[in-house]
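Structure, as structure tokens:
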Amino acid sequence: MGLRPGALGGGPPNPSGRALLGDPNLHVVFAVTLMAMLGVASVTPAFPSIAAALNIAPRSVGLLVSAFTVPGVVLTPFLGVLADRFGRKPVLVPSLVLFGLAGSACGLARSFELLVALRLLQGVGAAALGAINVTLIGDLYAGRSRTEAMGYNSAVLSVGTAVYPAIGGALATIGWHWPFFLPILAVPVALIVLFVLRSPVPVPTGDLSSYLRGAARVVARWDVLVMLAAGLVTFVLLYGAYLTYLPFVLVRSFGATPLGIGGVFASASVATAVTSFALGRLTALVQERRLVLIGFTLYAAVLGTLPHAPSVWVQLLLVTGFGAANGIVIPSILSIIAGAAPEQSRAVLMSVNGMLLRLGQTLGPLLAGTAYAVWRLEAPFWISAGVAAGMLLPLWSVARHGPGRRA
């Protein structure tokens, strides 16, 4: 199976700089990316109001996140197979519509049980979004342009991460259900994907079993396995010690208010966006694999130091370093995996990566919470720093030997 270029002509184009940012196809990918991360970031500010309005324990509100993310862990690889066999649009368009309609229906729910059920349905719609958007970048661009486009996409994601909580919080002041109406924007995005996006169309050749064997051979490559593991570990670190327990460190050490904690996280998002935006220039100087190695070195150093910062300014510097590491690690991993996958199995490989990222989101808080309960507040950060350091040897191996080696 290959890709039929359709309106794009020959192979993937390789624009850069302004030409790349001016590509309407990339704008469509940005819109899908903004929808992909809308489902959590915009509604979490309403959680205290939801607990009060629906008379539920605060610990139960987390089910609204779990119900949304679990379908992604289970369904994403299967949706990737469908996208490889039948095309990106036939999977992406219905997913966006389901995400938008089920998400907006959450705003009409007046019982917690119905709200959780609708979040589960919305999660089914969301399952493919975060994988197919980066698959499209792999389809549309090659070489440095692909890495640059991944960086721009990561910058857009970081802006959304910073802006959505503010929008959701403002809407939640009107009523707890108002942030849930935001996903209706996914419906016009689905129409834009259908009528505006001009991406290569997969042309299936061979049966399903040969396709799956080919995909398995790609996954068995040492460099791909290491990058998949690096993506999983990145999200364990991000959603574990960093996002879950850094607020407690800030309160303990500096008496930070919720507004101050939000400002600290916003500084990291800005650093991620700036670094991601400059990734194309960075890869002109340093190979992607070496950038991931550098990023994990930063993770280990920052996470080991975060609970011991002597001042808020040192803490801001450390958090900015963590954000910069995210800005080079996450898009570089995505670009490496997309480049390793042949056209006929790119969607399923990116979907396996997406499944592992969702798994990291789920495991991170659980593992960090266990470390905190068994030991003390510093423990999640020390253990996370050790895990990041443990990735350095396999990442160094990939940076030294390059692609193609089987595990």
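Readers should treat all values here as calculations from the given coordinates under stated rules, not as data from a laboratory. A quick note: this is a predicted structure, and the numbers were derived from the prediction, not measured. FYI the Cβ positions are ideal-geometry reconstructions off the backbone, even for glycines, and counts take in every protein chain you see.
Summary table below
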{"read-out": "Segment Thr257-Ala52, length gained on full extension (0.36 nm per residue, minus Cα span)", "value": "71.7 nm"}
{"read-out": "Max mean-square fluctuation residue, GNM over the chain, Cα-Cα springs under 10 Å, options Val93, Val352, Val286", "value": "Val286"}
{"read-out": "Linear extension gain, Glu113 paired with Ala19, 0.36 nm per residue minus alpha-carbon span", "value": "29.0 nm"}
{"read-out": "Helical segments meeting 27 Å axial Cα length and Kyte-Doolittle 1.0 threshold in the chain (DSSP H)", "value": "63-86, 258-277, 312-340"}
{"read-out": "Among Pro48, Pro365, Pro165, residue whose mean-square fluctuation peaks in a GNM of the chain (springs only between Cα atoms under 10 Å)", "value": "Pro48"}
{"read-out": "Inverse of mean 1/r across different Cα pairs in the chain, Kirkwood, Å", "value": "21.5"}
{"read-out": "Unit Cα scatterers, Debye sum, region 219-401: log10 I(q)/I(0) for q = 0.13 Å⁻¹", "value": "-0.65"}
{"read-out": "Selected from Glu113, Glu343, Glu288 as most flexible by GNM, with the chain as the system and alpha-carbon contacts under 10 Å", "value": "Glu113"}
{"read-out": "Lys, Arg +1 and Asp, Glu -1 on Cβ, resulting dipole of the chain about Cα centre, debye, nearest 20", "value": "540"}
{"read-out": "Mean projected area in nm² (Cα convex hull; one quarter of hull surface) for region 21-149", "value": "8.6"}
{"read-out": "Isotropically averaged projected area of region 297-407, using the convex hull of Cα atoms (one quarter of hull area), nm²", "value": "8.2"}
{"read-out": "Long-range amide H partners of Arg221 with built H, under 5 Å", "value": "Ala407"}
{"read-out": "Interchain or long-range residues, amide H under 5 Å from Val201's placed H", "value": "Arg4, Gly6"}
{"read-out": "Per DSSP, loop trypsin sites (Lys or Arg not before Pro) in region 69-164 with at most 15 further Cβ within 10 Å", "value": "Arg110"}
{"read-out": "Difference of contour (0.36 nm per residue) and Cα-Cα distance, Ile192 to Phe78", "value": "38.6 nm"}
{"read-out": "Compactness of region 79-202 - radius of gyration and Dmax, Cα, Å", "value": "16.1, 50"}
{"read-out": "Separation of the Ala170 and Arg213 label points, Cα + 7 Å toward Cβ, nm", "value": "5.7"}
